[in-house]
1. Could you work out how much longer the chain between residue 69 and residue 269 gets when fully extended? Use 0.36 nm per residue separation minus the Cα distance between them, nm to one decimal.
2. Given an 8 Å cut-off on Cα distances and at least 6 residues of separation, report the relative contact order of the stretch 191-308 as a percent.
3. Using the basic label-point model (7 angstrom from Cα toward the beta carbon), what is the residue 242 to residue 83 distance in nanometres?
4. To the nearest 20 debye, what charge dipole does the stretch 191-308 have about its Cα centre, counting +1 at the Cβ of each Lys and Arg and -1 at the Cβ of each Asp and Glu?
5. Quick one: order 305, 208 by neighbouring beta-carbon count within 10 Å, fewest to most.
6. Quick one: order 297, 210, 238 by neighbouring beta-carbon count within 10 Å, fewest to most.
7. Counting other beta carbons within 10 Å of each Cβ, put 76, 255 in order, fewest first.
8. So what is the diffusion coefficient of the stretch 191-308 in µm² per second by Stokes-Einstein at 10 °C and 1.306 mPa s, using a Kirkwood Rh over Cα pairs?
Amino acid sequence: MAEEIESHANVPEHAATDHTRRVRNRKTPVRRARAAVPAKPSAASATTAPAKSAATAASKKGRVTKPLRSLVILSMVGGLVATVALPAFAAGAGRTTEEPLTLQQMAVDDAQSFVAASDATASELSREGYAATTPEEIEKKKAEAAAAERARQIAAAAAAAAASRSSSVPTNIALTSPGTGEVRWPILNFTKGRGLWDSGYHQGVDLLSSCGTPLYAAAAGVVKVSQESYGGYGVGVSIDHVIGGQRVNTLYGHMTYGSRQVSVGQSVEAGQLIGLVGSTGSSTACHLHFEVHINGSVVDPWAWLQANAG
């Protein structure tokens, strides 16, 4: 039995539009490509075209702007690097040292300075030599410094008092003890006080006179002692002599502060002014304490003066 194959050629033309006829095993027809016919632009598409063109242009502008912005930023960074690095490199190019240098070291030669006017004056600070590390040592140092300051103030006050007393006493430094002998009286116009060994251990003679009375060297010699504080003698002077082939020493005590006219090692003549009567040291009244030592032994100064002065 022959098989009948259904084809489009055997189907009547009106069957294609017949809705009641069921077609089985229908194959999809192959469509041929047709040339695209340009459609006429409608009114709606005509209005949206400019908007699409503007969006497209904005998109293209954004794509162009971003590279330009990046290029500008890179140019600014490169300029900043060149501004900072090139001067430092140029400053270091002339160095011949082989050691590596930092930017700070290279910039020292070109460092800027600022000078501001001011009324402030420089003052030197002192640490007073403190090197203590404990509170006890610090307190000890402070106490020593305070004691030294008090001593300095006392000495200054004494010197000022002596200067005031000596300035108030009329002095004629041209005066010399009268006489032409090798031994002279050390003071004029006096009253004899205690003598040798009177009222206890007393090695000299006290010749009482008013403060400021001139005192003279009893003989020519060389000054051995001249001090503002000579033990109990107060302001004292001691002179070495050679008289009659003997070593003689005369001492003058309790003189006025600041009145000494001679210094240690100075040569003096007999009758030369050496100071003024005072009441310094172990003294209760204005007078001259006068001593004489011959070959290291104490002698009676009053008897020695009466025998030799003239």
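1. Numbers: separation 200, 0.36 × 200 = 72.00 nm, distance 10.88 nm.
That pair, residue 69 and residue 269, stretches by 61.1 nm at full extension.
2. Details: 305 pairs, mean separation 36.6, N = 118.
Relative CO of the stretch 191-308 lands at 31 percent.
3. The two pseudo-label positions are separated by 9.5 nm.
4. Details: 5 positive and 7 negative charges, 10 e Å.
It comes to approximately 40 debye.
5. On the way: 305 20, 208 16.
In increasing order of surrounding Cβ atoms, one gets 208, 305.
6. On the way: 297 7, 210 13, 238 20.
Ascending Cβ contact count within 10 Å gives the list 297, 210, 238.
7. On the way: 76 10, 255 30.
So the residues, fewest neighbours to most, are 76, 255.
8. Working: Rh = 14.0 Å.
After rounding, the answer is 113 µm²/s.
Here, each number is a calculation from the coordinates, and none is a lab measurement. This structure is a prediction, so every number in the text was calculated from the model and none was measured. In this analysis, Cβ positions are derived from the backbone assuming ideal geometry, glycine residues included, and neighbour counts consider all displayed protein chains.
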